[in-house]
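Each value in this text was obtained by applying a stated rule to the coordinates, not by laboratory testing. These numbers were taken from a predicted model, which means no experiment stands behind them. Cβ atoms come from the backbone with ideal geometry, glycine included; neighbour counts cover every protein chain shown.
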Amino acid sequence: MKKLTYLTLSLFSILTFAQEVSKERVKTILSTLASDEMKGREIWTPENENAANYISTLFKENKLEYCTGSSYLIPFEYKGKKAYNVCGIKKGKSDRYLGFSGHFDHIGTSDKDGDNIYNGADDDASGITTLVGIADYFKNRKPEFSMVFMAFNGEEKGMLGSRAISEDQNLDKIYNNMAALFNFEMVATESQWGKNALYMTGDGFSDLDELFNKNAVNGLTLHPDPYAEQQLFYRSDNVSFVKKKIIAHSFSTVDMTKASHYHHENDDIHIVDFDNMTQIINNFSKTLEKLSTKNFAPKYNEQVKFN
């Protein structure tokens, strides 16, 4: 009997480990989005649409439901030009939602000689890879919270996609039941605190980080934003949801005092710490497994500006 019990536990351990997101998977997704063939994924280019379709394929692999209509692609227009956001749902045990987002557009190419492609490996192929990684992790699991995964377009042109989808009344049922939105923005490098650590923009505006850290596993930590004077909380896609009074913060690892790759051609896969990213994705997902409506109901304080 003891041998049988040991064998059962061993098989359980192997299966549990096998369901973690692999470094190879992380590298494949990020490398595809940041490839030269994507030509910097600038909005309103064929390559940008290719990126949207690729993310849609990843959502289908993860058996996500459509957010609205009959496609993961949600069109929007700006000054008469059409583009697409990508959105998918994972139903959980509760009707309360957690949102996970990032932007897949970047700034395209330049006319200079040599390397003229702004691959955007960190900004923000890393964020998209992180949210897809979380969807991967929960593919065959049923989380406590329901989950909505949103890949925004047009962030580099003024957060066009997140603004459009946040105003989509077809998604109000989700937004009205959203406990928090985690927006991933530049998570490809090791943070100033070392590995397995991120910072949260606007950390003083809500208690999300405190509640998350109470449940965090394997040493994963959310730190206060060390670049508060740069107003990063209001400079990424999370702000489109802040305006709806949804708890929404961006999560990053990039050291803004040393980020020489920011909006440069050298933002390529060679700057990516795939081991650290994989560790963060898995530990973030394992922490999410512990969250429920009983232990995770973050609130804003009076300091936040909603307009």
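Numbers below:
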| item | result |
| --- | --- |
| Relative pair counts by distance (%), Cα atoms of the range 86-216, 10 Å bins | 11, 36, 37, 12, 4, 0 |
| Förster-model FRET efficiency, 35 Å R0, SER22 and ASN215, C-beta, rounded to 0.05 | 0.90 |
| Amide H within-cut-off set for MET178, under 5 Å, with H built and near neighbours excluded | TYR97 |
| 15 Å beta-carbon shell around PRO75, net charge (K/R +1, D/E -1) | -1 |
| Taking the convex hull of Cα positions in the range 221-307, its mean projected area over all directions (nm²) | 7.5 |
| Structure-derived mean projected area of the Cα convex hull in nm²: which label, when the choices are (1) 23.1; (2) 25.8; (3) 17.1 | (3) |
| Karplus 3J(HN,Hα) series, Hz, for the range 61-71 with 6.51 cos²θ - 1.76 cosθ + 1.60 (x for Gly, Pro) | 4, 8, 6, 6, 8, 5, 6, 7, x, 10, 7 |
| Pairs beyond 30 Å (Cα-Cα), from LYS27/LYS244; LYS39/LYS245; LYS27/LYS243; LYS243/LYS290 | LYS27/LYS244; LYS39/LYS245; LYS27/LYS243 |
| Potential extension, ASP115-HIS270 segment - 0.36 nm per residue separation minus Cα distance | 54.4 nm |
| Net lengthening on full extension, LYS290/PHE306 (0.36 nm per residue, minus Cα-Cα) | 2.8 nm |
| Expected 222 nm ellipticity per residue - DSSP helices of 4 or more, -39500 (n - 2.57), all of the chain, to 500 | -9500 deg cm²/dmol |
| Total charge dipole magnitude, the range 24-290, about the Cα centre, Cβ charges on Lys, Arg, Asp, Glu only, Debye to nearest 20 | 1340 |
| The range 145-252: trypsin sites (Lys or Arg not before Pro) in DSSP coil with no more than 12 other Cβ atoms inside 10 Å | LYS245 |
| Qualifying aspartates and glutamates (Cα of each under 14 Å from Cα of LYS139; at least 8 residues distant if same chain) | GLU20, GLU61, GLU65, GLU289 |
| Cross-link pairs beyond the 26 Å C-alpha cut-off, checked among LYS93/LYS173; LYS91/LYS299; LYS60/LYS173; LYS214/LYS258 | LYS214/LYS258 |
